[in-house]
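Written below as structure tokens is the structure these notes are about.
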4 protein chains.
Amino acid sequence: MESSRLQAFSDGVLAVIITIMVLELKVPEGVHWHDLARSGVGFLTYLLSFVYVGIYWSNHHHLFHVVDRVDGTVLWANLHLLFWLSLFPFTTAWLDESSVSLVPTVVYGINLLCAAVAYYLLQLAIFRLPSVGQRLRVVLGRDLKGKLSPAFYLLGIGLAYVEPWLGQVPYVAVALMWLVPDRRVERYLEVTRSGG
Amino acid sequence: MESSRLQAFSDGVLAVIITIMVLELKVPEGVHWHDLARSGVGFLTYLLSFVYVGIYWSNHHHLFHVVDRVDGTVLWANLHLLFWLSLFPFTTAWLDESSVSLVPTVVYGINLLCAAVAYYLLQLAIFRLPSVGQRLRVVLGRDLKGKLSPAFYLLGIGLAYVEPWLGQVPYVAVALMWLVPDRRVERYLEVTRSGG
Amino acid sequence: MESSRLQAFSDGVLAVIITIMVLELKVPEGVHWHDLARSGVGFLTYLLSFVYVGIYWSNHHHLFHVVDRVDGTVLWANLHLLFWLSLFPFTTAWLDESSVSLVPTVVYGINLLCAAVAYYLLQLAIFRLPSVGQRLRVVLGRDLKGKLSPAFYLLGIGLAYVEPWLGQVPYVAVALMWLVPDRRVERYLEVTRSGG
Amino acid sequence: MESSRLQAFSDGVLAVIITIMVLELKVPEGVHWHDLARSGVGFLTYLLSFVYVGIYWSNHHHLFHVVDRVDGTVLWANLHLLFWLSLFPFTTAWLDESSVSLVPTVVYGINLLCAAVAYYLLQLAIFRLPSVGQRLRVVLGRDLKGKLSPAFYLLGIGLAYVEPWLGQVPYVAVALMWLVPDRRVERYLEVTRSGG
């Protein structure tokens, strides 16, 4: 099975997820600045989730860049990832509407955690493809950021019990960490091209 | 008419269907775990429909993999399938909001049944294409899962009258059965390539 | 400017239009068959608009099949068409919620009329492209169905003043007329290929 | 990283943005012409935002037409642009529901301004790509319309304090100015092809 249609479908799903989240942003009821201010939390949670979906799209893009053909396992590992990402509009809206309360902060962290695990499983499924060589496996395997992220999410979930707003700090930190795009694949391509 | 744009359009529609279903998942009204628990049924029905749309996307992908050009009949058979799939957000939301009552369970089963029939008609329309050889027809014709599924949906509709929740069992069973992707096309390609 | 990205964007917009209309289909408030029956009008109006968007997608597909490069005029004529098509979720929802009253029926007809005029203007813009030969212009120019449709929409608008439900008859008739796909382009390609 | 998938993703996001705005257009509560008239403001604000998203899509299309490969900076500059564009459904809905009051008019202008700045930053990121030659930089650099637009948005914000409706005039003027597509890239390609 060619990976191009899987990429196109994933792009479509991610494009819809990233965009419909704005529908959960309630239009202010009044017409003054203080009415808009009530949408401030919604704006920030929307921004955070937008960045996360953007990060997943960017990493997904990189991961499949080196894969031409996929099998059924990769296909379902990919849908499994999309499932958890598709819940972001729901968990983001709850986080916003609850004004960043304890349980919604924990649930948002669990959603981030499930997406991270799903991405990890997708990587494993891709490593098992016959066309993916040992070398790429080693390169992708050194996924420091991917290994650190779940620990940060757990930290955020723990901190939420101290103070809900505090739980957001590790979530934002991970997003900032990932904003620097993943150069492992690029480096691998450069090395192989230069005959390394 | 080339099949690539038909595939791209179908991917777009399926990507939107699979994603907007989450908009029907009501945000909990309170901020506690028991408020989230009320979304439990919604989560499970969303998961079931997500898996079904994923299955249809995967099978659609396989089916059109061997078709380069399509005619008007295939085009409309495809839109007919997309129509029934596009009703999933509606029937899933009703199933959820009714807490899996009798009639919504039956209607969900009818929706599954109509989609299955539409997929079967799409297969027939593809068989009639001059570019699709006799051999592929025989291979695709041995569609055991496709023939079993409607029987299971009817069983689910029947069981719903005994106990609504029981009706979900065959629906879930069919989804699990399909999670193993359809290898007929892959096998056919392998056989023809190896000159079999 | 290449027409492929314009086609991809149009496919995306049409895929979203055809799918989000289902969000306007209100979930029944009760759990019985008679509660679902109230969604009957919504189901039929949804079906009608689904078929119309499908027809426009199919004809759009045909029209751009013979066009490799487009200019700014075609680009905006295309966006103009997408604008009117994007109003279908709105006019369809009003038609449904009003239980097919007079003014919503007339407004739905006006929406159909505007889309038809926009499609006609898009054809004119494509005719003006230097790459589109005289012959294709003649072939596409014999657009009997395209010329009949506006007359039917006007008839529907007129009949709505007699009896709102009656106005739907010509709208449905035009949809049925178009379900037979447009073979002019196919015929043109066959003729030119065979050196005619 | 190839620019084709970035373009496909951007097309998807823009297609969803331009289409879901119609969901914010409230269905009239009555069935008469005067009920529809209340949607008049919504129709006009929807039209304005539709044209703006169309303009951004068209310019985006032109900008990436000459770029084959992008780096991480371009990727995030692009997502940054999509973020501000994705807020249009929100700011448009507020503008509509407030019947074009002062603050929503100012906020809409700020949204236009942020999108314009994001587009400018995206251009800068593209100029920094090694594959983009000096010449193209000069050609794209003469972006008179891009430099005028922010001034007009600021004018609109200022005029809104005189009279909210007046603030719309510069917003509409900029949209009209951009409706004439950007021919700089086309001219550049013509000149280089002709060996100029």
I'd like the mean, over residues of A:1-7, of how many other protein chain beta carbons sit within 10 Å of each residue's own Cβ. 4
Non-local amide H neighbours of residue A:69 (under 5 Å, H modeled in plane, Pro and chain starts lacking H): which ones? A:3
On C-alpha positions alone, give me the angle between the axis of helix C:40-65 and the longest principal axis of chain C, in degrees, nearest 10. 10 degrees
Could you work out how much longer the chain between residue D:151 and residue D:132 gets when fully extended? Use 0.36 nm per residue separation minus the Cα distance between them, nm to one decimal. 4.0 nm
Let's see if you can work this out: charge +1 on each Lys and Arg Cβ, -1 on each Asp and Glu Cβ, no other charges. What is the dipole magnitude of the protein assembly as shown about its Cα centre, in debye to the nearest 20? 2840 debye
Report the Cα centroid-to-centroid distance between region A:121-136 and region C:161-177 in angstrom, as an integer. 57 Å
Can you classify region D:97-169 as rounded, prolate or oblate using the Cα gyration tensor, where a ≥ b ≥ c are the square roots of its eigenvalues, rounded means a/c under 1.5, and otherwise it's prolate if a/b beats b/c and oblate if not? prolate
Taking the full set of protein chains and a 1.4 angstrom probe, give the accessible area of residue D:34 in square angstrom, rounded to the nearest 10. 110 Å²
Note to self: C-alpha centroids of region A:25-71 and region D:20-56 sit apart, in Å, by 25 Å
Accessible area of residue D:1, 1.4 Å probe, to the nearest 10 Å²? 20 Å²
Nm distances between copies for residue D:4, ranked from closest, using label points 7 Å along Cα→Cβ: 0.6, 0.6, 0.8
Between the label point of residue D:138 and that of the same position in each other copy, find the distances and list them shortest first in nm, with every label point placed 7 Å from Cα along the Cα-to-C-beta direction. 4.8, 4.8, 6.9
Output, in nm with one decimal and in ascending order, the distances from the residue B:29 label point to the matching label points of the other copies (7 Å from Cα along Cα-to-Cβ). 1.6, 1.6, 2.2
Roll a 1.4 Å probe over the protein chains and send me the accessible area per residue for chain D in Å². 39 Å²
Roll a 1.4 Å probe over the protein heavy atoms and report the accessible area of residue B:145 in Å², nearest 10. 50 Å²
Residue-wise HN-Hα coupling along region D:97-105, computed from phi with Karplus coefficients 6.51, -1.76, 1.60 (Hz; x: Gly, Pro): 5, 8, 6, 6, 7, 4, 4, x, 5
Shape call for the protein assembly as shown, from the Cα gyration tensor axes a ≥ b ≥ c (a/c under 1.5 means rounded, otherwise prolate when a/b beats b/c, else oblate), comes out rounded
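The values are calculated or read from the model by the stated rules, or taken from the named source; none is laboratory data. Since this is a predicted model, take the numbers as computed values, not measurements. Reconstructed Cβ throughout: ideal geometry from the backbone, glycine too, with neighbour counts over all protein chains shown. With ligands, DNA and RNA removed, areas are computed over all heavy atoms of the protein, side chains included. Shrake-Rupley method; radii C 1.70, N 1.55, O 1.52, S 1.80 Å.
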